[in-house]
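Working notes, beginning with the structure itself.
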Amino acid sequence: MHPLWATFAVALAIALALTPLARWAALRLGVVDRPDGRRKLHKQPVPLLGGVALYLALVTGLFIAHRFAGGISAQLSELSGAIIAAAGFVCLIGCVDDICDLKPRVKLLLQIVSVTPVVVAGYYVDRVVAFGVPIELGWLGVPITVAWLVGCINALNLLDGMDGLAGTVGLSTSLMMAVLASSSGHPHVAIVAMVLAGALAGFLIYNLPPASIYLGDSGSMIIGLVIGILSIQAALKTSATLSLTAPAVALTIPMLDTALAIVRRRLSGLRFDAADRGHIHHQLLNRGLSNWQALCIIGALCLTTGAAATAATLLSFDALGWIIVLAVIVTLVRTRAFGHHEVALVKLSLAAALTRFVQSLLDSARPMARRAKHPSFEFDWQALADEAAHWNIGRLELVIEGPATSSVCRHWSNPAEVADQSAGWSYSMRFDHDDRRCDLVASGRLDGRNEPWHLIRIARLLNHFGKYWVAHAHEIDGSAQPNRTLPLTVAPQSRAA
């Protein structure tokens with residue numbers, strides 16, 4: 001058997017043996033992902049320690065792979081040591097996050113620290129080549145390498161939102177990295193890639209729909225880290241000179257998903273770490289595809305971009321890789337499979353910057369002026385309801401909660417819209433201030449006015465009132481008591497905008 005396939009088989013067998021043990025341990029320890037009826041739609045708690053099984057399979061596979069290394073044993077040992085150290089730290093961070101839910105800034109800081117062993121071991125880039133043009137990075141190569149690895153970690157972490165997805169993306173990408181590394185004269189990198197591919201293949205037996213165990217943050221971050229390292233090492237032209245095209249093209253799908261998530265959340269007024277259902281797998285599922293069909297499409301896209309990266313590197317023709325990537329992105333957007341909402345948001349935001357949002361500012365000024373003249377919660381709520389009617393909003397729902405604040409609940413329905421049961425949209429915003437929380441939900445039916453421009457204005461309107469109310473909740477408790485028992489419920493929508 002070829003050494004690469006031998007290492008693949010060994011890692012696969014180890015993952016097959018360790019994953020059930022990790023599942024058993026997670027259930028005993030209570031480290032599970034519980035359904036919440038909103039984003040987490042599985043029917044029962046699912047174990048979360050799949051990342052631990054993946055890490056142990058990766059480490060064991062790398063140790064055994066030295067038997068097949070031959071003359072490249074020293075190079076493999078150095079690379080394996082850096083990966084084992086960094087992946088171990090990442091696995092620990094992920095396990096803590098799965099149990100304690102780390103704050104985003106703390107998590108990001110720990111991720112930066114976790115990639116330090118890779119840089120200290122000398123695996124950073126100080127020179128890149130793009131379209132044949134060399135660019136000297138010097139000392140900037142260290143922070144750029146760290147940023148790339150942390151970006152890869154978070155890209156796979158954000159993408160891990162469906163049974164088998166992160167594993168499928170990792171498997172297809174690592175296989176293409178193995179091909180690229182072998183073709184580029186980096187056999188030790190190819191061995192590491194095949195060990196990761198084998199470990200993922202074994203884990204996927206238990207993680208494909210319906211999953212009996214999840215990777216958790218520990219597993220998805222390990223995949224992102226190792227793929228980030230492989231994408232650099234597989235495309236090196238010399239010891240520290242990187243072909244920029246290969247890693248960027250190979251990781252197009254996870255990086256595109258992350259970039260669009262940032263754009264979408266930024267332009268929608270959401271925090272970067274706020275969960276949503278706008279990722280590529282959500283969009284494919286919204287089009288009526290099954291989990292398996294969505295997995296196959298995303299896996300095929302990753303194989304396509306990986307093949308493009310390999311071809312561009314071997315042919316020394318960077319433009320080929322970027323042309324294929326551009327074709328993939330344009331196809332996704334034009335078929336409205338993914339990215340069309342974000343493109344519309346960007347267009348409208350650019351137009352808004354040119355026109356200074358004149359009309360939006362005028363529309364927003366009206367309720368603000370009314371509130372300034374009549375500073376009371378009831379008047380504010382009526383002002384918001386009047387604006388909601390103006391913008392064809394069908395329903396408004398408000399909840400303000402806090403340990404030192406009585407619950408404030410309000411519900412408003414537009415008589416002209418509420419009877420319409422056609423397909424609709426729903427937009428929710430959450431505001432936090434000290435120990436208080438304010439949830440504002442607006443919903444309505446789809447019509448010609450429900451374009452992103454329209455929704456941006458609605459978001460600004462909700463943002464203005466929500467921020468004020470959560471900051472001044474202590475002033476409105478008494479005036480809002482009559483409806484305090486009304487629960488916050490979002491009317492079912494047949495289609496999300």
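Every read-out reported here was derived from the displayed coordinates using simple, explicitly stated rules and does not represent laboratory data. Please read these numbers as outputs of a predicted model, since none were measured by experiment. Virtual Cβ from ideal backbone geometry, glycine too; neighbours counted across all protein chains shown.
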Subject >> Residue list for region 79-102, given a label point 7 angstrom along the Cα-to-Cβ vector of residue 29 and an amide N cut-off under 16 Å >> reply: 88-102
Original post:
Each residue of region 154-164 in order: what ³J(HN,Hα) in whole Hz does its phi give by Karplus 6.51 cos²θ - 1.76 cosθ + 1.60, θ = phi - 60°, with x for Gly and Pro?
Top reply: 6, 4, 6, 5, 5, 6, 7, x, 8, 3, x
**OP:** Evaluate region 246-313: find the radius of gyration of its Cα atoms, find its Kirkwood radius, and give the ratio Rg to Rh.
**Re:** 1.05
**OP:** Amide H neighbours of residue 424 under 5 Å, at least 5 residues apart or on other chains, H built in the peptide plane: list them.
**Re:** 446, 494, 495
Subject >> Other-chain or far-sequence residues with amide H under 5 Å of residue 127's (modelled H) >> reply: 137, 242
Subject >> For region 91-108, 3J(HN,Hα) per residue [Karplus equation, 6.51 cos²θ - 1.76 cosθ + 1.60, θ = phi - 60°, Hz, x = Gly/Pro] >> reply: 4, 5, 4, x, 5, 4, 5, 4, 8, 10, 6, 5, 5, x, 5, 5, 4, 5
Original post:
Can you give the extra length, in nm with one decimal, that the chain gains between residue 315 and residue 244 once fully stretched, where that is 0.36 nm per residue apart less the Cα-Cα distance?
Top reply: 24.1 nm
Subject >> Segment residue 460-residue 92, length gained on full extension (0.36 nm per residue, minus Cα span) >> reply: 128.5 nm
Subject >> Computed over region 120-224, Kirkwood Rh from alpha-carbon pairs, angstrom >> reply: 15.2 Å
**OP:** Report the label-to-label distance for residue 142 and residue 73 in nanometres (one decimal), using points 7 Å from each Cα along the Cα→Cβ vector.
**Re:** 3.3 nm
**OP:** Mind grabbing the base-10 log of I(q)/I(0) for region 3-346 at q = 0.09, 0.10, 0.15 Å⁻¹? Debye formula, identical points on the C-alpha positions, no solvent, two decimal places.
**Re:** -0.44, -0.55, -1.33
Original post:
How high is the FRET efficiency from residue 276 to residue 346, r the C-beta distance, R0 25 Å, rounded to 0.05?
Top reply: 0.90
